[in-house]
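Have a look at the structure below, then the notes.
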Amino acid sequence: MKPLSFSLLRPMWQTVLIGLFLALFSASESAFSTESQPLDLPNTPDFQTDVAPLLKNRCVRCHGPAKQDAKLNLALGAGVVRGGKNGKAVIPGKSDASLLWQHVADNSMPKGEDPLSNREKNLLRKWIEGGAQGLPVRVSAKSEGDEHWAFQKLQPTIIPTVKNRSRIHNPVDGFLQNHLERKGLAIGPEASKPVLIRRVAFDVTGLPPSIAETQAYLSDHSPQAYENMVERYLASPHYGERWGKFWLDTAGYADSNGYFNADTDRPLAWRYRDYVIDSLNRDLPFDQFIREQLAGDEISRYSPKLPLNPDSIRMLTATHFLRNSPDGTDSSDGNEDEVRADKYAVLEGTAQILGSSLLGITLQCARCHNHKFEPVSQADYYRLQAILYPAFNVDKWSKPSQRDIVAATPAELEAHKKALLVHEGEMKKIRDRQKEWLSRNPEPVRILFQDDFNEPNATVASHWSSTAPGDDAPLGMPVVQLDSKQAPAVNITNGTLQIVESGALGDRAISTRQSFDWTPAKKDSWIQVRFDLIKGAPYVGYLIALGDYNDIKNKHKGNILFDGAESGQAKIYLDYPGPDGTQPGAIGESGYKPGKNYGVRITNIGDGNFQVAQLVNGLPENNTVNLKKKDLPPGGFGFALCCGRSYVVDNVRVESSVDPTELTKAQMETSGLRKSKSGEFTKQINALQKRKPADPPMLAPVLDLSPKIPTVHILERGVHKNRGDKVDPAPPAVLMDSVNNKAWENKPDDLVLSTGNRLGFARWITRPDTRASALLARVTVNRWWQNHFGRGIVATPDNLGYSGSPPSHPELLEYLATELIRSGWSQKAIHRMVLCSNAFRQTSNPTTDALNGDEDNTLLSRFPLKRLDAEALRDAMLFTSGELNMAQGGPYTPTTRGGDGEVIVPETHPGAKRRSLYLQQRRTQTTGILELFDAPSIVYNCTIRMPTTVPLQSLIMLNSPFARMRSEAFAKRVLKEVPGENHAKLTQAFQLAWGRPPTEAEESAANIFLITQESEYKGMPNSVECAWIDLANMLLAANAFLYVE
Amino acid sequence: MNHSNSFAPCRRAFLGRSGLSLGSLALAHLMSETGAKGAGLPEGNSFGGPDNLINLPHHKPTADAVICLFQHGGPSQMDLFDPKPDLTKLDGKPYQGDLEVHFSGQKGNVLASPFRFSKRGQSGIELSELLPHTSRIVDEMTLVRSVVTESVDHESALRLIHSGKFQAGDPTWGSWVTYGLGSANRNLPAYVVLSDPGGLPVDGTRNWTSGWLPALYQGTAFRPGANPVANLATPADLTPAARKNQLRLLEHFNKEHLSRYPQNAELHSRISNFETAARMQTAVPEALDLSSEDQATRKLYGLDQPETAEYGTRCLVARRLVERGVRFVQLFMAGQPWDTHSNNAASLKGLCKRTDQPSAALVHDLKQRGLLDRTLVMWGGEFGRLPISQGKDGRDHNRHANSLWIAGGGFRKGYCHGMTDELGYKAVKDVVNVHDLHATLLHTLGLDHKRLTYPHDGRPGSLTDIAVTKAEIIKDLLA
């Protein structure tokens, strides 16, 4: 096969943007061409490079694999040769006799669209006149689906015989050399040992080699030195981290739910991340790896009634693969239709991930209509959806967090229960002592307001109002009724205050008729409100400083809402409601649960600041917020009524501290004692709280708990309201083998709790000697190849279909796919073969011949110079500075959006210096340095990254606190570790950063720099260190650090 | 630098191969300074100067820059742009007929607008009393009263109006414009977002994502304050001389490295990016520094009043950026302030106080500087609001009618397009969907929406995706 258009380009382009080439060459020939440009036609147009893209763009929608109008398929050379029901499409050499040309020339085709441009027409004609170069000579009469190479069973390959055997180490080299020889080229000479170990270390582990590793390799002169070095890295636990991350991107891993702006947390996703890392490190056979992710629950025969064991927990963890899709159903609001569409969106995302990660088919295009380019019908799409549907049944939907289960073995559960009992006993003891002491020594308070709701209902209005004191407008709309059960309303029932919201939006509230001064005059004095929560709600909202609620008079602020949540912490909204409101944060620790006494205390802490603390059972909690006097105008206290805030309260109190001067002597003593004693209690309780046995581990799996197969319909135009025909679960027909790979033929007898559909699919896709497993193997080895060499054998890793790029080395792809299956699906076996090939070991310095004959390095006439990807870059900076925290696994390290908008990892976090894959992968909050170096903000998934070169990357390497801090640690490390002369220090510094000692010129430049820079810092006590930090900064910013040769 | 010559032949081969194409020049754009200078733009095809990183438009444009004043939340059209006397007649009565509401539990009765409308300017287009300043530029604008969208969900509707697609992850039209036209100033980002100091808008940074276009084309958010771009400033502990020494050392290192890969354009580009970065360090603060603006200008934008100072500052910065060759500037508001589910009337007063004067000032100022002819200013949100109340005094989302205005850049002046029904619930005449709007906007920028494509999902992806949307240019909107 003639290589694609890549061959026309030099390597410079390849790393800039692979995708852009496709824009120009394959997908859209006419995308940018302008009529006014010269008709620069190739001398001898070729089918694959010149004509196929044109046909694909202008003809294939109607004459393609999906829709063969006139039984004509112009998507393939074979189809062009075969022609359609009206006869041959092309008669080589005779354009006027060719139907294709006739229809195009008289503009009768493309039907209903713009005619072909002059350039397109001329190209087509020239190609036919020139003998229709590039068409296959012989074609079979088989159906088209069978013909596309990627949808066939694996083809036997013959390792080519090449003339120049000297650069052949293994079959991989043979396939490559075969193509190179046709251009008079060969695999390049072996790279130097320092280059090789740096290359292999980054490739396999994503980290630079340590100095000890480098020394061991350099001093190993045995013939097996290289292979042994490769083996050591493949055995490293960091291998799983590196290659696990590739799979996690492919699988669409994220630590957040996405879809909506809220982008809520996915707190348990990390367990799947760790499963992936562990599976790779154990070299779990890839087919098993896929089966577990698709159907681990069914393989392990999960039942909520049966005890779990470590293996079944592992299998369940794997199924989180199917939960990687964005899922906004925990944040859906709006009408029923929208909420339902949000649920379908989860199924759609999952199908898209399945298609691109496993099948290399753009399945998602068949959601609304039959695929325009691939032999995938809309029915195929919904058959696949039907496989997933039992676990994501839209009519029995579970929100993300409701799908989580406790994942512990019976022994673990028992042990936990015991530990918890002991702990609770201890806690109770302390709390009882505290309660008892406090009741004996009550805090002196002045009661400003109290309502125990023991009077008749009709009296509510004597204490409460739907208008704030001093405000003439009611607190939002509709107005709260004061003695009614008709929402929105409050009423006294059973001696409690019932708060009944109306389920509507709108910011309604009630207020005390009494107004309070919320800013105690003296330092350390306070005012507080408290109430007993009798019956809770998702949000228990109450307000203080109720002033001008409608916010008409701008000067008059106030209205501070506390939104106590079941799950803990009360959010504060200042100047509520209205567009100018702000949220200064959240206070407290405890969630709002019935049976406790809640409230807030506002304490004058001096300098015009007022501290707001959440009270639980009379005690202030941690996490406070400071407000200014202007935020706290005089006003009422009240409860909010809207949006799910229906709850019941009792015993409302507004109290203030008593001025020390007004205290009796006895009260004074109690007050002092109370302070120290409550501090003591708090300390004890906090200490004990920390020792609380951790909850049994939770897991976020995919489960299918009914054997009943739900009915699934085709959704016309993809809209869930438009139900079409019913479909049965099945994989895409184009990949079904007619004889021995029917998906559901043998559901295991002991699989009683689920449909077994996903297990059927998992077995179907991994069964050897089938079309499905052949495609899976091709897609997989192609992606691995891409990760080794920067570009896949097929340049579009998520699309091996008709519309994808053709393979540059089809036989090599077949060979590797075959080897993968033959090796028992061993990922490490394939890596070993690739890493040990001479192609991988060759130098990255091109010869002139190579530049001329293989400009863009499609043929791999040299190893591609590769920039470190985002994670490797950040990890290598930390590794070089000696700061990298190598801890593996566990919950993510949270990231945060800093004041300047950049997403960073707070340096103070204990996990701040962990490897990048352990940083929070929040979809809307990709860590700044990673995003800038092309890490994806995952929407569905990512199978290829597009390396960019932009000035912001230079700025981050020069100026960011992250880069400066690594430079500082790096410099200090070198100065500390290497005594004596600059020569030794520089050698070490270069070795650490670039994997080699400096050249003479580099060393001399560095020495001159150190002297000049020291004089810049003259007079400073640490001028030497400063100069070294600046040097370290440049070592890390240099291309020798950023690139792997 | 001379090394550009070393790969110039390759570029010629490249251009020759593909037909002189926009995409190839987008690559030149990617290549930064070195690449651009070697690009050899054909004469007569660039506009804005031969030395700039400018790509080719498809046809003669009427605009080469965009300022989008985006109003998050859905401004209430019947209170601002689309007078409906029948609302007043039926105020408080039940709405007759079906109505799609977002919050179904709170459907109220017909709600009149409390605001007075009058004819404005020569054109006599009626606008609300809430927009006294916008009223003064009414003869410059095309007001569209018949915009419809496909979702009443904020996020989906935002993605639709920004990227033409419901779901997250597709490129915004700012990215498409930047991809199509490149930058006219290599020291400033081509696509700048001036976000609200109060915080991110709903849907956050996805409002300016480049989706599956290269990351290069995503919006760069300038933040208010001393560090408009993260890591722009040289660390305080480095003197200029110390930094200069560093860069000299780095150049030495990189040149030695490069000597082994002389043809590698990416390495060239990365080296020259350090120079570009240094220029950005001066260019960005300069563009944001308003000290050279005279009192009259400051007053025009309302910088002297507390209500308008913040938004006015960003509008003024937008003008300065466009003056300096930035292609696409977008202003956002924190959260979604126009989402007036309750307190509609009172909230609108505050919001108009904040935005009316600065928005109008921008158009006026661009005009007096002769920039309006080539700059397109668009004002609007993701959807409109309902003619009935939500609760007592709010308005719920409405996807069937929305108003927005566009001034300059070849759009018709003093023109009002489209009509809604008597109560303003549905657009009924000259209905404009988001895709047609996109096609038209691109058209004025010299870009053919059918040909501005990038491979995605195995086919040419585009903003308007005509195979699905059948988007067409709305000729009536063009001057």
Once amide H atoms are placed 1.01 Å from N in the peptide plane, what residues at a sequence separation of 5 or more from residue A:919, or on another chain, have their amide H within under 5 Å of its amide H?
-> A:893
How many angstrom lie between the C-alpha centres of segment A:1009-1032 and segment B:394-413?
-> 59
So, in Å, what gap is there between the alpha-carbon centers of segment A:786-814 and segment A:959-1007?
-> 40
In sequence order, what are the phi-derived ³J(HN,Hα) couplings for segment B:377-387 according to the Karplus relation 6.51 cos²θ - 1.76 cosθ + 1.60 with θ = phi - 60°, rounded to whole Hz, with x for glycine and proline?
-> 10, 10, 10, x, x, 7, 7, x, 10, 8, x
From the cross-link list A:94/A:121; A:56/B:165; A:85/A:372; B:89/B:353; B:165/B:426, the entries with a Cα-Cα span beyond 18 Å are A:56/B:165; A:85/A:372; B:89/B:353; B:165/B:426
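Considering only the other residues whose Cβ falls under 12 Å of the Cβ of residue A:782, what net charge follows from Lys and Arg at +1 and Asp and Glu at -1?
Value of the local net charge: +1.
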Estimated FRET transfer efficiency (residue A:722, residue B:86; beta-carbon r; R0 30 Å; 0.05) = 0.30
Which entries in B:60/B:299; A:396/A:747; A:399/A:726; A:1018/B:255; A:396/A:593 show an alpha-carbon gap greater than 32 Å?
-> B:60/B:299
Taking only the alpha carbons of segment B:258-372, what extent do you get along each of the three principal axes, in Å, biggest first?
-> 68, 36, 23
Compute the relative contact order of chain A as a whole-number percentage, counting only Cα pairs closer than 8 Å that sit 6 or more residues apart in sequence.
-> 16
Tell me, what is a quarter of the convex hull surface for the C-alpha atoms of segment B:338-451, in nm² with one decimal?
-> 8.2
Taking placed amide H atoms and a strict 5 Å upper bound, the residues 5 or more places from residue A:914 or on another chain that come that close are A:885
For segment B:238-288, max minus min Cα coordinate along each principal axis, in Å, sorted largest first?
-> 40, 23, 8
With a 4.7 Å Cβ cut-off, tell me which Cys residues in chain A come up empty for a partner.
-> A:59, A:62, A:365, A:368, A:836, A:942, A:1026
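With r as the distance between the Cβ atoms of residue A:122 and residue B:470 and R0 = 41 Å, compute the FRET efficiency 1/(1 + (r/R0)^6) and round to 0.05.
Numbers: r = 29 Å, r/R0 = 0.71.
Approximately 0.90, to the nearest 0.05.
For segment B:273-323, which semi-axes, largest first and in whole Å, follow from the square roots of 5 times the eigenvalues of its Cα gyration tensor? Could the numbers behind the result be given before it?
On the way: eigenvalues 139, 19, 14 Å².
Listed largest to smallest, the semi-axes of segment B:273-323 are 26, 10, 8 Å.
Report the charge-dipole magnitude of chain A in Debye, nearest 20, computed about the Cα centre from +1 at each Lys and Arg Cβ and -1 at each Asp and Glu Cβ. Before the final figure, lay out each step's value.
Details: 120 positive and 120 negative charges, 292 e Å.
The dipole of chain A has a size of about 1400 debye.
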Amide H contacts under 5 Å for residue A:256, placed H, 5+ residues apart = A:266, A:923
So which trypsin sites (Lys or Arg not before Pro) in segment A:744-798 are both in a DSSP loop and have at most 16 other Cβ atoms within 10 Å of their Cβ?
-> none
Return the loop-located trypsin sites (Lys or Arg not before Pro) in segment A:223-308 (DSSP other than H, G, I, E, B) with at most 13 other Cβ atoms within 10 Å of their own Cβ; answer none if there are none.
-> A:282, A:305
Rounded to the nearest 10 degrees, the helix A:1000-1016 long axis (Cα) sits at an angle to the longest Cα principal axis of chain A of 30
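Divide the volume of the convex hull of the Cα atoms of chain A by its number of residues and quote the answer in cubic angstrom per residue. Numbers along the way, then the final one.
Values: hull volume 249.5 nm³, N = 1045.
In chain A, the Cα convex hull volume per residue is 239 Å³.
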For segment A:214-325, what is the per residue volume of the convex hull drawn over the alpha-carbon atoms, in cubic angstrom?
-> 138
For segment A:681-804: span of alpha carbons on each principal axis (Å, largest first) = 73, 47, 36
For residue A:183, go through the aspartates and glutamates and keep the ones whose alpha-carbon is under 13 Å away, minus same-chain ones fewer than eight residues off.
-> A:849, A:854, A:855
Candidate lysines for bridging to residue A:418, where Cα separation is under 19 Å - those fewer than 8 sequence places away on the same chain excluded | A:428, A:429, A:690, A:692
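Does chain B come out rounded, prolate or oblate by the C-alpha gyration tensor, with a ≥ b ≥ c the root eigenvalues, rounded set by a/c under 1.5 and, if not, prolate when a/b is larger than b/c and oblate if not? Write down the numbers at each step before the final one.
Numbers: a/c = 2.16, a/b = 1.73, b/c = 1.24.
The shape class here is prolate.
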Counting helices only, and only those DSSP H runs with n ≥ 4, report the 222 nm mean residue ellipticity of chain B as the sum of -39,500 (n - 2.57) divided by its residues, in deg cm²/dmol to the nearest 500.
-> -11000 deg cm²/dmol
Note the angle between two axes, namely the Cα long axis of helix A:810-822 and the longest principal axis of the Cα atoms of chain A, as a number of degrees from 0 to 90, rounded to the nearest 10.
-> 60
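In what order do A:713, A:63 fall by count of nearby beta-carbon atoms within 10 Å, going from fewest to most? Write out the running numbers ahead of the final one.
Numbers: A:713 15, A:63 25.
Neighbour counts put them in this order, fewest first: A:713, A:63.
When a/c is below 1.5 the answer is rounded, else prolate if a/b is larger than b/c, else oblate, so apply that to segment A:445-657 with a ≥ b ≥ c taken from the square roots of the Cα gyration tensor eigenvalues. Working shown, then result.
Values: a/c = 1.41, a/b = 1.23, b/c = 1.15.
In terms of gyration-tensor shape, rounded.
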So how tilted is helix B:154-163 from the main axis of chain B? Cα-based, degrees 0 to 90, rounded to 10.
-> 50
With a 10 Å Cβ neighbour count serving as the proxy for reagent exposure, in which order, fewest first, do B:457, A:769 appear?
-> A:769, B:457
Starting from the eigenvalues of the Cα gyration tensor, five times each then square-rooted, give me the equivalent ellipsoid semi-axes of segment A:782-937, largest first, whole Å.
-> 35, 19, 17
Using θ = phi - 60° and Karplus 6.51 cos²θ - 1.76 cosθ + 1.60, couplings along segment A:334-346 (whole Hz; Gly, Pro as x) = x, 7, 4, 4, 5, 4, 5, 4, 5, 5, 4, 4, 5
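Please tell me the relative contact order of segment B:375-479 in percent, rounded to the nearest whole number, where contacts are Cα pairs under 8 Å and at least six residues apart.
Numbers: 154 pairs, mean separation 24.0, N = 105.
For segment B:375-479, the relative contact order is 23 percent.
Take every Cα-Cα pair in segment A:870-933 and report what % of them are more than 12 Å apart.
On the way: 1322 of 2016 pairs.
Within segment A:870-933, distances greater than 12 Å cover 66 percent of Cα pairs.
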Hz values of 3J(HN,Hα) by residue in segment A:588-603 - Karplus curve (6.51, -1.76, 1.60), Gly and Pro given as x = x, 9, 7, x, 8, 10, x, x, 10, 9, 10, x, 9, 10, 10, 10
Loop-located trypsin sites (Lys or Arg not before Pro) in segment B:116-209, at most 16 other Cβ atoms within 10 Å (DSSP) | B:116
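Could you list the square roots of 5 times each eigenvalue of the Cα gyration tensor of segment A:668-739, that is, the equivalent ellipsoid semi-axes, sorted largest first and rounded to whole Å? Could the numbers behind the result be given before it?
Values: eigenvalues 854, 71, 22 Å².
Semi-axes from the Cα gyration tensor: 65, 19, 10 Å.
Rule-based calculations on the coordinates, nothing more; no lab input. Quick caveat: nothing in here was measured; it's all calculated off a predicted structure. Positions of Cβ are backbone-derived with ideal geometry, glycine not excepted, and every protein chain shown enters the neighbour counts.
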